[in-house]
Amino acid sequence: MTGVQTCALPISVTGKYETVELSLKKGSSPGKAVLLVSVKEASSLYNSLSSGFMRFGDRNSVVVDTTFGTRDFLGKGKSFQGSARVQNVSNERDERIAGRVDYIDPHLGGSADYFLTGTLGYTNWREVDVTNVGYFNLEAGKRVLDFSSLYLGVLGTGSDLFLSTGPKYS
């Protein structure tokens, strides 16, 4: 692998580009070169579908999840996604249906130090009675190091409102 190819590797593994081509062009004087970079952006849209089977004692459960979204919402580098889950448990009247929409601004106000996440969701959990819960979650935070942040969050469910704060590690 040449030095030019080695430079292309970190760019190509980000997943943001479908193709990355690097080449050298003769520079303005001997011993100088110009690096030409040609990239084709990958689609910012994504989707997934998964299913599973679980067994807890004499209870079987089937789960189906789907997610769809974009990593470049309105061309601004924000993420917007929706997801849905259906879970059915045998030998009971249990059925869980959940859906949510998430918005993520990884660089709040154009700053790499601050972020914002917001979620609107709905879930029901049927056991003997039916409980329907709509909820929202809003978090804003400041990155402290490359792998951690401090955040302040608000979670609302029905008529309840919760405040949360603390460190997060990634």
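What does the charge count near residue 44 come to, summing +1 for each Lys or Arg and -1 for each Asp or Glu among other residues with Cβ under 14 Å from its Cβ? Kindly include the intermediate steps, with their values, before the conclusion.
On the way: positive: 16, 40, 71, 76, 78; negative: 18, 41, 72.
Its environment carries a net charge of +2.
Which one of 57, 31, 43 has its Cα pushed farthest toward the positive end of the charge dipole of the stretch 31-80, where Lys and Arg give +1 and Asp and Glu give -1 at the Cβ?
Value: 31.
Rounded to the nearest 0.05, what FRET efficiency do residue 162 and residue 95 give with R0 = 25 Å and r taken as the Cβ-Cβ distance? Could you check?
Values: r = 26 Å, r/R0 = 1.06.
Result of the calculation: an efficiency of 0.40.
Once the Cβ-Cβ distance between residue 48 and residue 28 is put in as r, and R0 is 45 Å, what FRET efficiency do you end up with, to the nearest 0.05? Present the calculation step by step, with values, prior to reporting the outcome.
Numbers: r = 49 Å, r/R0 = 1.08.
In this case the efficiency is close to 0.40.
With contacts defined as alpha carbon pairs under 8 Å and 6 or more residues apart, what's the relative contact order of the chain in percent? Don't skip to the end; give the middle numbers.
Working: 364 pairs, mean separation 17.3, N = 170.
Reported relative contact order: 10 percent.
Quick check: the angle from helix 3-12's long axis to the longest principal axis of the chain, C-alpha only, nearest 10 degrees?
20
Please work out the ratio of the alpha-carbon Rg of the chain to 2.2 N^0.38 Å and round it to two decimals.
Numbers: Rg = 23.0 Å, N = 170, 2.2 N^0.38 = 15.5 Å.
The value comes to 1.49.
Counting only heavy atoms of protein chains, what accessible area per residue, in Å², does the chain have with a probe of 1.4 Å? Numbers along the way, then the final one.
Details: 12030 Å² over 170 residues.
About 71 Å² of surface per residue is accessible.
Using a Förster distance of 25 Å, how high is the FRET efficiency between residue 113 and residue 68, based on the Cβ-Cβ distance and rounded to 0.05?
Numbers: r = 30 Å, r/R0 = 1.19.
Rounded to the nearest 0.05, the efficiency is 0.25.
Provide the net charge surrounding residue 17, with neighbours chosen by a C-beta distance below 14 Å and charges set as Lys +1, Arg +1, Asp -1, Glu -1.
On the way: positive: 16, 40, 71; negative: 18, 21, 41, 72.
My count for the surroundings of residue 17 gives -1.
Of the listed pairs 16/142; 25/142; 16/168; 78/168, which have alpha-carbon separations greater than 32 Å here? Please report the intermediate quantities before stating the final value.
Details: 16/142 25 Å; 25/142 42 Å; 16/168 25 Å; 78/168 20 Å.
Going by Cα-Cα distance, 25/142 fall outside the 32 Å limit.
Over the chain, with every protein chain in place, what whole percent of the accessible area is carbon and sulfur at 1.4 Å, could you tell me? Before the final figure, lay out the partial values.
Values: 7150 of 12030 Å².
On the chain, the fraction of accessible area on carbon and sulfur atoms equals 59 percent.
How much mean residue ellipticity at 222 nm does the chain get from its helices, if each DSSP H run of length 4 or more adds -39500 (n - 2.57) and you divide by all residues, to the nearest 500 deg cm²/dmol? Intermediate values should be presented prior to the final figure.
On the way: 1 runs with 10 residues, N = 170.
One gets -1500 deg cm²/dmol as the mean residue ellipticity at 222 nm.
The values are calculated or read from the model by the stated rules, or taken from the named source; none is laboratory data. Predicted model, so just to flag it, every value in this text is computed and none were measured. Reconstructed Cβ throughout: ideal geometry from the backbone, glycine too, with neighbour counts over all protein chains shown. The area values use the complete protein model at the heavy-atom level, side chains included, leaving out ligands, DNA and RNA. Shrake-Rupley method; radii C 1.70, N 1.55, O 1.52, S 1.80 Å.
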